[in-house]
Amino acid sequence: MKTKTLTRLSPFAALLFALLPPSIRAQRAPSTPFSQTKIQSDIAYLSSDALGGRGSGTEGNALAATFIALEFRRFGLRPMGTLNQNDPNAPLEGKGYYQPFEFNAGRLVGSGSTLSVTSKSGSSALALTGDFALSPLSAAGKAENAEVVFAGYGVSAPSAGRDDYAGIDVSRKVVILLPGVAKGYERFGELRAKVLSARDKGAVAVITVGTESESAGSRSSFENTSDSGIPVFILQEKALDALFVSGGKSLATLRENTQKGNAIADLLDLKITFNADVKKIQKRTQNVVGFLEGTDYNLREQVVVIGAHMDHLGLGGTGSLDTSGKPAIHPGADDNASGTTGVLMLAEYYAKHRPKRSLLFMCFSGEELGLLGSAHYVREPIIALSNTVAMVNLDMIGRLKNEALIVGGSGTAHEFAGLLTEAETGQNTTLKVSRSETGFGASDHQSFYTHGTPVLFFFTGTHEDYHKPSDTANKINAGGEAEVLNFVRATVTKIANAPFRPTFVQVSTPANTGGARSFRVYLGTVPNYSVEGVRGVLLDGVREGSPAATAGLKVGDIITRMNNLTINSLQDYVTALQQLNPGESVAIIVRRGAETLTFNATVTERMNP
Ligand SMILES: [Zn+2]
C-alpha cells in the first residue's frame with residue numbers, strides 16, 4: 001500500500017517544496033513508507049564507537065548482532081537459529097536468531113621459536129628478534145640437525161631458462177635464499193614464490209635475509225597472511241654472515257656468484273636445529289536470521305532472502321584503505337550499516353504487509369574477510385536453497401548521489417529485467433537505475449549466485465570514504481536510502497507475489513573483466529574465499545567463455561597444482577598466476593570428486609575495466 005497522503009503534495013506545497021534549497025529538498029518529501037529518522041538513528045547506532053567498527057569476532061560485532069536480533073523479535077519475525085550467539089555447534093532449534101560459525105582469523109607468533117647452528121667450531125643459538133624472526137609466510141614446524149644448502153635467489157623456472165637449484169637435492173634440508181632476483185626474472189622474485197619452490201622440492205625450512213624491522217617481525221602481518229606450508233626464518237645480515245663463516249663459506253662470494261648467474265647451489269658444512277612457534281587463531285561470529293511466513297498456502301514453501309552484511313573492519317587491518325595504517329575505528333556507516341538498516345526497515349514493513357511467498361531476513365558476518373557468513377549459510381542453509389527463489393543483497397545503499405542506483409544480477413533470472421522495469425515505472429521513482437547482469441561481485445549475493453540462486457544486488461556506488469575511518473553516519477543520505485528501499489520493496493514484492501518463481505540464468509561474463517586487478521593474466525576462475533581445511537583452491541565459479549572454461553575446469557574443482565607449484569592456499573594460487581605471462585599455457589591439476597584431472601589452459605591478457 002502506498003502512503004497516499006504523504007506522496008501526493010498539494011500544488012501550494014509543491015511550490016513551497018520547489019523553493020526549498022536543494023540540501024533540504026534532498027530531505028525529499030517522503031514518497032516511501034520508510035522513515036528517514038529511523039534510518040538515520042539505526043545507522044548512527046550501528047556505526048557508533050560503542051560498536052568499534054563491528055569487526056568479525058569482536059565484542060562490537062556481537063553487540064550489533066544482538067541489536068538486529070532484538071529488532072527482528074520486535075517485528076515478530078520467527079527465530080530460525082539458536083540463542084547461543086557464540087557456540088558454532090549449538091543446534092539451530094529455532095529458539096534464537098543466531099547462526100554462529102567459527103572462522104580462521106589468521107595466526108599468532110608464539111615466543112617459543114628457536115634456531116641454533118652446529119659447525120666444526122661448536123654450537124651456537126641465535127637470538128629471537130635480535131638475530132632472527134619468523135616471516136609472516138612461516139608455518140609451524142621443527143627439525144634437528146638438518147643439513148643446509150645455499151640456493152642463490154631460489155628461482156626455479158627451467159621453462160624460463162633459469163634454475164638456481166640445478167644439480168642439488170634439497171629434500172629434508174634447510175635452504176638459504178638471497179632476497180632479490182636476476183634481471184628478467186622479476187615475476188619469480190616474490191618471497192612466497194621462492195618458498196613454494198623450496199617447499200615443493202622437499203626443503204624443511206627456508207632462511208633468508210631481512211632488514212632490521214623485517215627480522216624484528218610484526219605480529220599484525222601474521223593475521224592477514226596464509227602460511228606457505230614450511231617454516232621461514234628472516235635473519236639479520238650479520239647473523240647470516242656469521243652463519244656462512246661457521247659453514248666455511250663467504251656470503252659475499254656466494255652473493256657475487258649469484259649476481260653473475262654462475263652455478264650456485266651449494267651445501268654448507270653445518271647443521272641447523274629449529275622450532276618455528278606459530279599458532280592458528282580461530283574466532284567465532286554469527287549470522288542473524290529471521291523468518292516471515294508468506295500468506296499463500298503453496299507459495300509460502302518458497303522463500304526470498306533479503307540480506308546484508310553487518311560486519312565491517314573493526315580497527316582496520318585487512319581491507320582498510322586508511323593510509324595511516326594506525327589502528328582506528330572504521331565505523332562503516334555506509335559499508336554496511338546502511339544495508340543492515342535496510343534489512344531492518346524491510347523486515348518491519350513486511351511484518352505488516354506479508355506477501356504470498358515467505359521472506360528470510362539475514363544479516364551476515366565475516367563478509368569483509370571473504371564472504372564468510374554467506375558462504376557458511378549456503379553450505380549449511382536453514383531453508384533449502386532449492387526453495388530459495390531469489391536473494392536480494394543490500395551493500396552500501398546510504399550514499400545516493402545524483403539519484404544513481406546500481407542494480408547487479410539483473411541477468412541472473414529470465415524475469416528480472418522486465419520485473420525491474422515494472423518496479424521502476426510503477427514507482428515513478430526519480431532514481432536513475434543502471435543495471436549489470438552478472439551475479440558475481442565482491443559481496444554476499446555471489447555466495448548464492450554460485451549456488452544457483454537468482455540474485456539482485458543494490459548499491460549506491462563507492463566514494464572517497466570507502467573502507468576508511470571517515471565512513472561516518474553524518475555523510476549518509478537518509479532520504480536517498482528511503483527512496484532506494486522503496487524501490488527494493490517494489491522489486492521484492494513483485495518477486496514474492498509472482499505466480500511463477502524466477503528462472504535461474506548462468507550469466508556469461510564479458511571476457512576478462514572482474515576479479516582481482518593485481519594479475520597481468522586472466523584465467524576466469526572465481527575461487528572460494530572461505531572454505532576451511534581444504535588443501536588447494538576450491539572453485540566457486542568458472543566464468544563462461546574464459547580460458548579456464550575452455551580448458552574444461554568446473555565449479556567444485558579443487559586446484560592442487562599449477563605447472564611446478566603445489567597449490568595449498570589462495571595465496572599460493574595468486575603466486576602461481578603472477579608467474580605467468582599472457583599467452584602462456586599452464587598445466588592445472590585438479591581434484592574433482594575422487595578423480596585427479598589435468599587441464600591445459602592458455603591464459604590471456606587481463607583487461608582492467
Ligand atoms: Zn560492504
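Here are some notes:
- The helices (runs of 4 or more DSSP H) found wholly in the stretch 366-453 and carrying at least 1 residues that are buried (at least 23 other Cβ atoms within 10 Å of the Cβ) and within 13 Å of the ligand (Cβ to nearest atom) occupy 372-379, 445-449.
Table: residues versus (1) β-branched (Val, Ile, Thr); (2) at pLDDT 90 or above.
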position	(1), (2)
511	no, no
527	no, no
537	yes, yes
543	no, no
589	yes, yes
595	no, yes
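- For the stretch 293-303, the count of residues that are under 18 Å from residue 47 (Cβ atoms), away from the ligand (no atom under 12 Å from the Cβ) and either touching a strand residue (DSSP E or B) at 6+ places or on another chain (Cβ under 8 Å) or aliphatic (A, V, I, L, M) (or both) is zero.
- Residue ID - modelled with the lowest pLDDT, chosen from residues in the stretch 311-347 that are more than 13 Å from the ligand (Cβ to nearest atom) and among the charged types (D, E, K, R): 326
- Annotation note: Cβ proximity below 9 Å between a residue of the stretch 233-254 that is over 26 Å from residue 140 (Cβ atoms) and a residue that is open to solvent by 10 Å² or more (accessible area, probe 1.4 Å) and basic (Lys, Arg) (sequence gap 6+ or interchain) occurs for 246/120; 248/120.
- Matching residues, the stretch 480-510, being farther than 30 Å from residue 542 by Cβ and without any contact (Cβ under 8 Å) to a residue 12 or more places away in the chain: 499
- Restricting 416, 364 to those that are farther than 22 Å from residue 505 by Cα, modelled with pLDDT of 95 or more and of a type in the set (Phe, Trp, Tyr) reduces the list to 364.
- Qualifying strands (runs of 3 or more DSSP E) (wholly inside the stretch 556-609; at least 3 residues being open to solvent by 40 Å² or more (accessible area, probe 1.4 Å)): 585-592, 595-602
- One residue stands out among those in the stretch 225-257 that are hydroxyl-bearing (Ser, Thr, Tyr) and touching a Leu at 6+ places or on another chain (Cβ under 6 Å): the one that is least open to solvent (accessible area, probe 1.4 Å), which is 228.
- Within the stretch 94-163, strands (runs of 3 or more DSSP E) holding 1 or more residues that are in the same structural domain as residue 202 (by TED's automatic domain parsing), among the small types (Gly, Ala, Ser) and open to solvent by 40 Å² or more (accessible area, probe 1.4 Å): 122-125
The values are calculated or read from the model by the stated rules, or taken from the named source; none is laboratory data. The model shown is predicted, which means the values in this text are computed figures rather than measured ones. Backbone-built Cβ (ideal geometry, glycine too); neighbour counts: all protein chains shown. Accessible surface is based on the protein model in full, side chains and every heavy atom, while ligands, DNA and RNA are left aside. Shrake-Rupley method; radii C 1.70, N 1.55, O 1.52, S 1.80 Å.
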